Amino acid sequence: LIKDIYRQTEKYQDQVITISGWVRTLRASKAFGFIEVNDGSFFKNLQVVFEENLDNFKEISKLTISSSIIVEGKLVLTPGAKQPFEIKATKIEVEGTSDRDYPLQKKRHTFEFLRTIAHLRPRSNTFSAVFRVRSIAAYAIHKFFQERGFVYTHTPIITGSDCEGAGEMFRVSTLDLENLPRNEEGNIDFKKDFFGKETNLTVSGQLEAESYALAFRNVYTFGPTFRAENSNTARHAAEFWMIEPEIAFADLEDDMELAEDMIKYVINYVLENAPEEMEFFNKFIDKGLLERLDNIVSSDFVRVTYTEAIEILKKADAKFEYPVEWGCDLQTEHERYLTEKVYKKPVFVMDYPKDIKAFYMRLNDDGKTVAAADLLVPGVGEIIGGSQREERIDVLEKRIEELGLNKEDYWWYLELRRFGGTKHAGFGLGFERLIMYITGMSNIRDVIPFPRTVKYAEF
Ligand code: 4AD
Ligand code: MG
């Protein structure tokens, strides 16, 4: 594989080797030609030189971009040249040709255009780098938690409860949409549906993760989540992946420490294991990215309370579209001001007003705020939403009622508080937003292979 040749060049030097891959570029003259081949194993290409002594020289000279070939030849070092080595081909077999209308010809394409060919874009440099980093980061997350003894918990995709209580769920149903069964009140009769009740795609695995944390102490989920949010922005997707650790006998402080350790671990792991890709992002996508990431792994994240943040924003020299008032939700512009203008690094904002947060967050002693902590980062905004959970059953029941939620829907969640409840905490990290942060890519559609967003689910 091309990766091995780059990583252990001495081993292959002057050896006859065989590689198989796709033509990325081809230049040919009457007597010889060059092909840059990519075999998918590595971000970089390998240069192949071929000469007219090949019996299929003419055919090879006319090969189109993205044809697949098998090359046999000797690996020779080319000191002083643009590439460190090349293969002098003794044989080139054509596996599959590529039609002339192949859309990824060698020129710059806009990300908008590349989204329309999501099935081909992983063959381009940018997306090859993005999706390899995505894979490496996913592995790093598992490695981080497994090394700390966390149990990987598969929470359900189809669920009967709304974790965030925001009603932003996609309904799962087998009912005949043309002839919906109705009950006596005229409402849709979900008793006649597949599960005998109303069900949805999960917005978060948190509630189920909590029940496993109260058995295994430390658990994490890592899976797809769904939100029917009508937000057509560069950081909202209808289907995205979330990492949700949940830790027992732990409070908000422990929670933030875990989050900070995890983010730094993943960034370090990616920097070490994808240096070529990261170099590429730094050069072509986001200048200064590497310096910023180095800074982040070597300094402490900031911690401010929501109340302090509001004070800072009120005094800000910026004009905000949304006015700032204690009690308001922080908008992207506010998040960006805090992370990019004030602190220039990741910031935990803690203790939000209870009215803008979910029912399960632990009520603080002031009776007005909850033990929540969101992590905001420059360029992206919120990447983590976390909290200490309400373990006091009476307080929790009151919150559920206050928010107009149905207590019966949460019966098992409430039971966790009656059978050996303890203080516990957790958070949700949006995986795509983390990838945006690490790569410098600015649109969520460009860090998930086949994006689903409002009015868009091609492929
Ligand atoms: O802040 P959220 O809604 O928190 C929860 O779901 C909690 N139950 C998590 C927990 O405590 N276990 O979502 C968590 C994170 C956000 O910070 C954001 O990074 C990401 O999930 N996220 C989205 N990412 C992409 N598209 C969307 N529509 C997203 N909504 C949330
Ligand atoms: Mg949130």
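The values are calculated or read from the model by the stated rules, or taken from the named source; none is laboratory data. Predicted model only: the values in this text are computed from it and were never measured. With ideal geometry, Cβ positions are generated from the backbone for all residues, glycine too; neighbour counts draw on all protein chains shown. Heads up: the accessible areas ignore ligands, DNA and RNA and are worked out on the full protein's heavy atoms, side chains in. Shrake-Rupley method; radii C 1.70, N 1.55, O 1.52, S 1.80 Å.
Exactly one residue among Phe195, Phe190 is open to solvent by less than 50 Å² (accessible area, probe 1.4 Å) and either of a type in the set (Lys, Arg) or free of Cβ contacts under 8 Å to residues at least 40 places away in the same chain (or both), and that residue is Phe190.
Residues that are more than 16 Å from ligand 2 (Cβ to nearest atom) and among the small types (Gly, Ala, Ser) within segment 210-237 comprise Ser211, Ala213, Ala215, Gly223, Ala234, listed in sequence order.
Looking only at residues in segment 254-274 that are open to solvent by 50 Å² or more (accessible area, probe 1.4 Å) and over 19 Å from the mean Cα position of the chain (by Cα), which one is farthest from Arg303 (Cα to Cα)? Step through it out loud before you land on a result.
Of the residues in segment 254-274, the ones open to solvent by 50 Å² or more (accessible area, probe 1.4 Å) are 254, 257, 261, 265, 268, 272-273.
Restricting the remaining residues to those that are over 19 Å from the mean Cα position of the chain (by Cα) gives 254, 257.
Numbers: Asp254: 13, Glu257: 11 Å.
Looking at residues that are open to solvent by 50 Å² or more (accessible area, probe 1.4 Å) and over 19 Å from the mean Cα position of the chain (by Cα), I get Asp254.
Being in contact with a strand residue (DSSP E or B) (Cβ under 6 Å, 6 or more places away or on another chain), more than 30 Å from Tyr337 (Cβ to Cβ) and of a type outside the set (D, E, K, R): is that true of Val395 here?
Values: in contact with a strand residue (DSSP E or B) (Cβ under 6 Å, 6 or more places away or on another chain): yes; more than 30 Å from Tyr337 (Cβ to Cβ): yes; of a type outside the set (D, E, K, R): yes.
Yes.
Taking Leu293, is it over 25 Å from Arg389 (Cα atoms) and open to solvent by less than 30 Å² (accessible area, probe 1.4 Å)? It is true that Leu293 is over 25 Å from Arg389 (Cα atoms) and open to solvent by less than 30 Å² (accessible area, probe 1.4 Å). Filtered by the rule that a residue be buried (at least 18 other Cβ atoms within 10 Å of the Cβ) and assigned to a helix (DSSP H, G or I), segment 297-307 gives a lone residue, Tyr306.
Residue under question is Leu396, and the condition is that it be modelled with pLDDT of 95 or more, more than 16 Å from ligand 2 (Cβ to nearest atom) and crowded, with 23+ Cβ neighbours inside 10 Å; does it hold? Yes.
Figure legend. Inter-residue proximity from segment 415-432: first residues basic (Lys, Arg), second residues away from ligand 1 (no atom under 16 Å from the Cβ), beta-carbon distance below 6 Å, spacing 6+ or different chains. Indicated pairs: Arg417/Ile393. Would it be correct to say that Val342 is in contact with a helix residue (DSSP H, G or I) (Cβ under 7 Å, 6 or more places away or on another chain) and within 16 Å of ligand 2 (Cβ to nearest atom)? No: the conditions fail for Val342.
The rows are residues; the columns are (1) surrounded by 15 or more Cβ atoms within 10 Å (Cβ to Cβ); (2) modelled with pLDDT under 95.
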residue: His119; (1), (2): no, no
residue: Ser128; (1), (2): yes, no
residue: Ala140; (1), (2): yes, no
residue: Lys143; (1), (2): no, no
residue: Phe150; (1), (2): yes, no
residue: Ser161; (1), (2): yes, yes
residue: Gly165; (1), (2): yes, yes
residue: Val172; (1), (2): yes, no
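Among the residues making up segment 310-345, those that are touching a strand residue (DSSP E or B) at 6+ places or on another chain (Cβ under 8 Å) and not charged (D, E, K, R) are Ile312, Trp326, Gly327, Leu330, Thr332, Leu338, Thr339, Tyr343. In the set (1) in contact (Cβ under 8 Å) with a residue 60 or more places away in the chain; (2) over 17 Å from the mean Cα position of the chain (by Cα); (3) within 15 Å of ligand 1 (Cβ to nearest atom), Met169 fails one condition alone, (1).
Would you mind listing the strands (runs of 3 or more DSSP E) fully within segment 180-248 where at least 1 residues are within 10 Å of ligand 1 (Cβ to nearest atom), within 29 Å of the chain's Cα centre (by Cα) and polar (S, T, N, Q)?
Numbers: elements: 199-201, 218-226, 239-248.
Filter on segment 180-248 gives 218-226.
Every residue in segment 283-296 that is in contact (Cβ under 8 Å) with a residue 40 or more places away in the chain and assigned to a helix (DSSP H, G or I), please.
First, pick out the residues of segment 283-296 that are in contact (Cβ under 8 Å) with a residue 40 or more places away in the chain: 284-286, 289, 292-293, 295-296.
Matches in segment 283-296: Phe284, Ile285, Leu289, Arg292, Leu293, Asn295, Ile296.
Scanning segment 102-113 for residues that are part of a helix (DSSP H, G or I) and touching a residue at least 60 places away in the same chain (Cβ under 8 Å) gives a single hit, Phe111.
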